[in-house]
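Peer 1: Questions regarding the structure given below will be posed in turn.
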Amino acid sequence: MTRGKKKRNEEVSSMSNRRCRRRTEKPRHLYLVLDDWSWGYSIRKIDLSDDPRLQLIAEGLAPGRNICTSRYRLPPPFFRFQAQRSEPKYIAGAFESKILAMQSLIGPKFWEGVHVYDVRNQSFMFAGQRWPVMLKPIYIPVGDWLFVLTAGSFIRLKQPSFNKCGLPYELPKPTFQTDHVISYAIHPNERTIFVSIGGSVDSATFCFDMAQDEWAQHGQWQLPFIGRGYFDPELDAWVGLSSVVGTFGHLCSCDLAPCPYEVPFHMGATHKCPDLKISKEKLFSEVAAERHIGVTLVYMGGGSRFCLLECIRLQADLADEPTVGLVDEVNEDSVNVVNEDSVSVVNEDSSISVVNPHSVTLVNEKYGMHFLKLTTFSLKYDKIGNLTTGNSRCVRYYSLPQKVTKPMLEHPVAFWM
């Protein structure tokens, strides 16, 4: 067989395998966790699949506009679990399809058990592991492991089971304090974890080699994210919420940093922050009546798809003004709203309604209420290499239950599974 034919057969085989995987992969959804239950938390499944009515509104009835703004009903809870409320930092998503509640029962020195809900199998398990109490943990899921950075320790957890003998594996402690962690990212080789510190201490980035179980300082620079940076293979870069001064509300893409075992240590230690790009669009709300509370970025996979969950509060004093509120177009980066007079595909029985830009009916009887502004979009580089969402943004508003606590609004919890 000639070399050209062999290469072509390999490409065809690879394409066929990808098609098979797409056919066998189960559809994913956004799972939103809220502490709106008196005894603990509820989990809601939000379907973010394309809605043909939204496509019609965005492309046919609102030419030239790249954002469609609509109001949805929040789905009812399909599962609840009892745990101490107001603790978003103790809820983790890991092992492909499992949501773990680490704050279920607290003993003197150990967690006496962990709530585990598998969204794929729709099954619940109370795992019996005696895991150590973790203060202000940072969860880093990598494949079949869950790494946890916490005050004074760094541990690796196996997938939970009914086996009560399963204990965490203590890893070498980092030389930095968890309180100083600003951002982190996982190398696509799934062998190296990058962690940056900053704030009240000098900026620095460290990396942990999972194969050697050892830490190394990578240099006096900082990953340009707030929280987690996700690797996007189509952009061949890490993507996250920008921490660069003056870019609040924008996204940032950053080239991959070399791993310590790929370059001599002295080169890695002096390496500066990789090249980065800031998104052209500001994704946080700039509508006058909307007050930003908290935000979470979720990576949705293929097509460089992301979901931004922003909790906002509507200000009654501003919403009372007829020309201000959800219904205004503040500037080119703010939310563009479709005129309901031009929409005939939506009715009152539908789960979606379009806001009239000449009224404030959406805010009616909801002054001061909290809303979840959910923005889905795809990222790409334009012709001159700028990072942009193009015409892909779609915005949905959900009113949030009154019982949701402030910490959960400041740190929305959601997973794409």
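Peer 1: Could you please report the charge total around Ser97, scoring K, R as +1 and D, E as -1 over all other residues with beta-carbon less than 10 angstrom from its beta-carbon?
Peer 2: +2
Peer 1: Apply the Karplus curve 6.51 cos²θ - 1.76 cosθ + 1.60, θ = phi - 60°, to the phi angles in the stretch 94-99 and return the couplings in whole Hz, x for Gly and Pro.
Peer 2: Values per residue, Gly and Pro as x: 7, 6, 6, 9, 10, 9 Hz.
Peer 1: So which of Lys136/Lys280; Lys45/Lys280; Lys45/Lys403 end up more than 26 Å apart by C-alpha?
Peer 2: Lys136/Lys280; Lys45/Lys280
Peer 1: Set the Förster radius R0 to 25 Å, insert the Cβ-Cβ distance between Asn386 and Val142 as r into 1/(1 + (r/R0)^6), and round the FRET efficiency to 0.05.
Peer 2: E(calc), rounded to 0.05, equals 0.20.
Peer 1: Between beta-carbons, use under 13 Å as the cut-off and find the net charge around Ile193, counting Lys and Arg +1, Asp and Glu -1.
Peer 2: -1
Peer 1: Moving on to the next point. Based on the mean of other beta carbon atoms within 10 Å per residue, what is the order of 187-199, 400-412, 379-391, most packed first?
Peer 2: Ranked by mean Cβ neighbours within 10 Å, highest first: 187-199, 400-412, 379-391.
Peer 1: How much net charge surrounds Ser243 when only the other residues with a Cβ under 15 Å from the Cβ of Ser243 are counted, with Lys and Arg +1 and Asp and Glu -1?
Peer 2: +3
Peer 1: Return the distance in nm (one decimal) between the two label points of a simple spin-label model at Arg80 and Tyr169, each offset 7 Å from Cα along Cα→Cβ.
Peer 2: Placing both labels 7 Å along Cα→Cβ, they lie 3.9 nm apart.
Peer 1: So how do Trp215, Trp39, Trp145 rank on accessible area, 1.4 Å probe, biggest first, that is with the largest at the start?
Peer 2: Trp39, Trp145, Trp215
Peer 1: For Ile182, tell me the accessible area in Å² from a 1.4 Å probe, rounded to the nearest 10.
Peer 2: Using a 1.4 Å probe on the heavy atoms, I get roughly 60 Å².
Peer 1: Got a sec? What order do Ser392, Ser153 fall in by accessible area at 1.4 Å, biggest, i.e. largest, first?
Peer 2: Ser392, Ser153
The values are calculated or read from the model by the stated rules, or taken from the named source; none is laboratory data. Here the structure is a predicted model, which is why all the values come from computation and not from measurement. Quick reminder, even Gly has a Cβ in these numbers, built from the backbone with ideal geometry, and neighbours come from all protein chains shown. Each accessible area value is taken on the protein alone, full model and side chains, heavy atoms only, with ligands, DNA and RNA left out. Shrake-Rupley method; radii C 1.70, N 1.55, O 1.52, S 1.80 Å.
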